[in-house]
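The structure under discussion appears below in the form of structure tokens.
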Amino acid sequence: MSGGDWERVSAALAASGLVILPSDTVYGLACLASASGAVERIYEIKKRQIDKPLALVFSRVESIGAMLPGLPEAIRAAVGKLLPGPVTAIVPFEDGAAGIRVHGGGSAGVRVIPPPAGDIYKLLPEPLAVTSANLSGKMDPVEVDEIPEAVTEACDFVVDAGRLQNRTPSTVIDLRPLAAGGPPVILRQGPMSTAEIQDRLGLSGCL
């Protein structure tokens with residue numbers, strides 16, 4: 001993304017706009033998580049159920065602890081071992097805390113996208129509320145041409161990085177049980193395997 005594009009995307013986000021961004025997995029529909037009106041528009045455009053929270057995408061792991069300071073230490077440590085990577089880590093979070101809106105009840109999924117796709121996120125404001133750039137229940141897009149017109153036409157800017165290599169959405173792992181000494185739970189299989197998660201977290205046979 002050129003410097004001019006970065007400025008236009010940042011300006012769109014700062015003005016509570018919507019943008020389409022590539023990731024390490026699929027194309028995402030994004031807005032500033034503090035822009036509640038933009039968050040609501042994402043739900044309307046995608047026809048997404050309001051009880052399904054959006055993911056929070058941060059530019060770096062350190063930002064998660066800084067912006068979500070109440071995370072239990074066991075969960076904070078696990079986040080640092082799993083991210084960056086093709087993982088959405090579910091952590092405890094009350095919607096609206098620190099002005100961040102993603103909906104859902106008592107939890108949020110956090111992501112830090114690895115390079116090279118993650119490099120552009122370091123140039124943008126954070127955190128971003130992000131979901132796949134599709135209509136709910138439809139195919140996850142790995143190229144801009146696969147994104148429905150209803151989604152692209154509602155956006156202020158589209159970053160086209162060509163065809164992405166991985167059609168599989170991120171692995172989703174619930175880290176909340178760690179706060180009570182329990183094992184995390186894989187909610188959706190994805191690019192990061194169970195074996196790699198176990199290795200990163202120093203676990204064996206409990207996922």
(request) Within the range 156-185, track down each residue that is among the hydrophobic types (A, V, I, L, M, F, W, C) and in contact (Cβ under 8 Å) with a residue 60 or more places away in the chain. (result) PHE157, VAL158, VAL159, ALA161, LEU164, VAL172, ILE173, LEU175, LEU178, ALA179
(message) Condition first: in a loop (DSSP other than H, G, I, E, B), out of contact with any strand residue (DSSP E or B) (no Cβ under 6 Å at 6 or more places or on another chain) and either surrounded by fewer than 20 Cβ atoms within 10 Å (Cβ to Cβ) or of a type in the set (Gly, Ala, Ser) (or both). Now tell me which residues in the range 84-102 satisfy that.
(response) GLY85, GLU94, ASP95, GLY96
(message) Being more than 25 Å from PRO114 (Cβ to Cβ), touching an Asp or Glu at 6+ places or on another chain (Cβ under 6 Å) and surrounded by fewer than 23 Cβ atoms within 10 Å (Cβ to Cβ) is true for just one of GLY17, GLY37. Which residue is that?
(response) GLY17
(request) Give the residues of the range 155-181 that are of a type in the set (Gly, Ala, Ser), surrounded by fewer than 15 Cβ atoms within 10 Å (Cβ to Cβ) and assigned to a loop (DSSP other than H, G, I, E, B), sorted by residue number. (result) GLY162, GLY181
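Does LEU29 fit the bill of being in a strand (DSSP E or B), touching a residue at least 40 places away in the same chain (Cβ under 8 Å), farther than 11 Å from PRO127 by Cβ and among the hydrophobic types (A, V, I, L, M, F, W, C)? First the steps, then the outcome.
Working: in a strand (DSSP E or B): yes; touching a residue at least 40 places away in the same chain (Cβ under 8 Å): yes; farther than 11 Å from PRO127 by Cβ: yes; among the hydrophobic types (A, V, I, L, M, F, W, C): yes.
It is true that LEU29 is in a strand (DSSP E or B), touching a residue at least 40 places away in the same chain (Cβ under 8 Å), farther than 11 Å from PRO127 by Cβ and among the hydrophobic types (A, V, I, L, M, F, W, C).
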(request) Considering each residue of the range 147-205, count those that are at pLDDT 95 or above, under 16 Å from the mean Cα position of the chain (by Cα) and among the charged types (D, E, K, R), and give that number. (result) 1
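Would you be able to tell me the number of residues in the range 134-150 that are among the β-branched types (Val, Ile, Thr) and in contact with a Leu (Cβ under 8 Å, 6 or more places away or on another chain)?
The initial filter retains those residues of the range 134-150 that are among the β-branched types (Val, Ile, Thr), namely 142, 144, 147.
If we keep only those that are in contact with a Leu (Cβ under 8 Å, 6 or more places away or on another chain) too, we end up with 142.
Total satisfying the criteria: 1.
Being touching a residue at least 40 places away in the same chain (Cβ under 8 Å), part of a loop (DSSP other than H, G, I, E, B) and either closer than 16 Å to LEU32 by Cα or among the small types (Gly, Ala, Ser) (or both) narrows it down to one of PRO114, PRO125, PRO141, so name that one. Working first, answer last.
Values: PRO114 fails: either closer than 16 Å to LEU32 by Cα or among the small types (Gly, Ala, Ser) (or both); PRO141 fails: either closer than 16 Å to LEU32 by Cα or among the small types (Gly, Ala, Ser) (or both).
Being touching a residue at least 40 places away in the same chain (Cβ under 8 Å), part of a loop (DSSP other than H, G, I, E, B) and either closer than 16 Å to LEU32 by Cα or among the small types (Gly, Ala, Ser) (or both) holds for just one of PRO114, PRO125, PRO141, which is PRO125.
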(request) Return the residue satisfying two criteria in turn: it lies in the range 109-143 and is out of contact with any helix residue (DSSP H, G or I) (no Cβ under 7 Å at 6 or more places or on another chain) and small (Gly, Ala, Ser), and of such residues it is farthest from ALA78 (Cα to Cα). (result) GLY137
(request) Determine whether the range 59-80 contains at least one residue that is under 22 Å from ARG167 (Cα atoms) and either in a helix (DSSP H, G or I) or not hydroxyl-bearing (Ser, Thr, Tyr) (or both). (result) no
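Output the residue which, of all residues in the range 96-112 that are among the β-branched types (Val, Ile, Thr) and over 8 Å from the mean Cα position of the chain (by Cα), is nearest to SER59 (Cα to Cα). Don't jump to the end; show me each part of the working.
Here is the first cut: in the range 96-112, the ones among the β-branched types (Val, Ile, Thr) are 100, 102, 110, 112.
In the following step, the residues that additionally are over 8 Å from the mean Cα position of the chain (by Cα) were identified as 100, 102.
Details: ILE100: 15, VAL102: 17 Å.
Filtering the range 96-112 for residues that are among the β-branched types (Val, Ile, Thr) and over 8 Å from the mean Cα position of the chain (by Cα), the one nearest to SER59 (Cα to Cα) comes out as ILE100.
The values are calculated or read from the model by the stated rules, or taken from the named source; none is laboratory data. Treat the numbers as computed from the prediction; the structure is a model and nothing was measured. So basically every Cβ, Gly included, is an ideal-geometry build from the backbone, and we count neighbours across all protein chains shown.
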